[in-house]
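This report refers to the structure that appears directly beneath it.
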Amino acid sequence: MQSRAPSIIDLNAELAKLTMFRGLTPQTTREERRGSATQLGRYRDGILFAGKNAGTSHWEDHAEDELVHVLDGTKILDIVCDDGPPKSFEVRAGMIAIVPKGAWHRFRSAEGGTTWSATLPGDHIELDVDDPRMAEPKRVMPSGTPSIIDLNAELAKLTLFRGRTPQSTMTDRQGSAARLASYRDGGLSITKFAGKGHWERHLAGDELIRILDGTATLEIVCDDGLPKSFVLRGGMVAVNPQGAWHRFYSSEGVTLMAATPLPSEVIELDVDDPRTVERKPA
């Protein structure tokens, strides 16, 4: 089966091109925000997006969960969770918010903040109202509580697992990896390791990888030829295409975050090409 090449994004380099836009309102146009936000690439049926702004955004919703990682500053997430008034959650630098699909929400920040996100286009309300139901009184409003994750705190709980191999079990890896939250049809997880992971592929959709620290080599089957290798450094993002066999190797150690769709298949053998062996469900 032929596979696409992975998308590799240097997030730090892309963020360095942006300037902070102050005075954001629900009526602010894309043209007015030019230079403060950028589309990083495609992810599944949506996009990867980064921005720097201060102010209040419009209310919006999405057909799937939205993942928002605050890199700098502080954001307030306003969201319709139930039949009561919108609730507010503080999301500080180093924290992640997963907004449930269909839930009206907006972000605001008095001093400004920098974020990157995995999102889908959706409906929005370009009115400065405290509750989106004032503008859409007849619409059925899905509800759901967001997942707010202190990524720095979760990473501090982990230890680096050295000597990882494709045969390393979950028991072997205990204390070096953690599942953070549900996300779309899979989950959001983090891991710290040095060594070589197993070959795997994800059948439901693309996998999103963020290198948080260290360096790793991504080996991936892109086409009918031999697997290709890509070096990923801290601050980079990779999108592994749906169905593509891949694994990570790190000699000195890497810390990474993954948004992984399920189901997956894995190969717990140290082979150079996963297509030469039988696979099993993960």
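The values are calculated or read from the model by the stated rules, or taken from the named source; none is laboratory data. From a predicted model like this one, the values you see are computed outputs, not experimental measurements. Here the Cβ positions follow ideal geometry from the backbone for every residue, glycine too, while neighbour counts run over all protein chains shown. To get the accessible areas, we keep the full protein, side chains included, count just its heavy atoms, and leave off ligands, DNA and RNA. Shrake-Rupley method; radii C 1.70, N 1.55, O 1.52, S 1.80 Å.
On the given criteria, is Glu64 touching a residue at least 60 places away in the same chain (Cβ under 8 Å), closer than 19 Å to Ala259 by Cβ and within 20 Å of the chain's Cα centre (by Cα)? Judged against the criteria, Glu64 is a match.
Any residue at all in the range 105-121 that is open to solvent by 40 Å² or more (accessible area, probe 1.4 Å) and not in a strand (DSSP E or B)? Looking for residues that are open to solvent by 40 Å² or more (accessible area, probe 1.4 Å) and not in a strand (DSSP E or B), one finds at least one in the range 105-121, hence yes. If you check Ser182, Ser168 for being touching a strand residue (DSSP E or B) at 6+ places or on another chain (Cβ under 8 Å), part of a loop (DSSP other than H, G, I, E, B), within 20 Å of Ser264 (Cα to Cα) and among the polar types (S, T, N, Q), only one passes: Ser168.
Okay, residues lined up against (1) in contact with a Gly (Cβ under 7 Å, 6 or more places away or on another chain); (2) among the polar types (S, T, N, Q); (3) at pLDDT 95 or above:
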site: Ser36; (1), (2), (3): yes, yes, yes
site: Gln39; (1), (2), (3): no, yes, yes
site: Tyr43; (1), (2), (3): no, no, yes
site: Leu48; (1), (2), (3): yes, no, yes
site: Val68; (1), (2), (3): no, no, yes
site: Thr74; (1), (2), (3): yes, yes, yes
site: Asp82; (1), (2), (3): no, no, no
site: Lys87; (1), (2), (3): no, no, yes
site: Gly94; (1), (2), (3): no, no, yes
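For the criterion of being outside any loop (DSSP other than H, G, I, E, B) and of a type in the set (A, V, I, L, M, F, W, C), Leu155 passes. Within the range 1-59, the set of residues being crowded, with 17+ Cβ neighbours inside 10 Å, of a type in the set (D, E, K, R) and without any contact (Cβ under 8 Å) to a residue 24 or more places away in the chain is empty.
Summed over the range 1-30, the residues that are assigned to a loop (DSSP other than H, G, I, E, B) and either farther than 30 Å from Pro274 by Cβ or modelled with pLDDT of 95 or more (or both) give a count of 11.
I'm trying to understand the selection: among the residues of the range 221-256, which are open to solvent by less than 10 Å² (accessible area, probe 1.4 Å) and either closer than 21 Å to Phe161 by Cβ or within 15 Å of the chain's Cα centre (by Cα) (or both)? Leu232, Gly235, Val237, Ala238, Val239, Asn240, Pro241, His246, Arg247, Ser250, Val254 - these are the residues of the range 221-256 that are open to solvent by less than 10 Å² (accessible area, probe 1.4 Å) and either closer than 21 Å to Phe161 by Cβ or within 15 Å of the chain's Cα centre (by Cα) (or both).
Is one or more of the residues making up the range 210-220 open to solvent by 20 Å² or more (accessible area, probe 1.4 Å), assigned to a strand (DSSP E or B) and over 24 Å from Asp10 (Cα atoms)? No, the conditions are met nowhere in the range 210-220.
Residues of the range 135-187 that are of a type outside the set (A, V, I, L, M, F, W, C), free of Cβ contacts under 8 Å to residues at least 12 places away in the same chain and farther than 27 Å from Gly84 by Cβ: Thr169, Thr171, Asp172, Gln174, Arg179. Look through Arg201, Arg162 and report the one residue that is part of a strand (DSSP E or B), at pLDDT 95 or above and open to solvent by 70 Å² or more (accessible area, probe 1.4 Å). After ruling out the rest, the residue left standing is Arg162.
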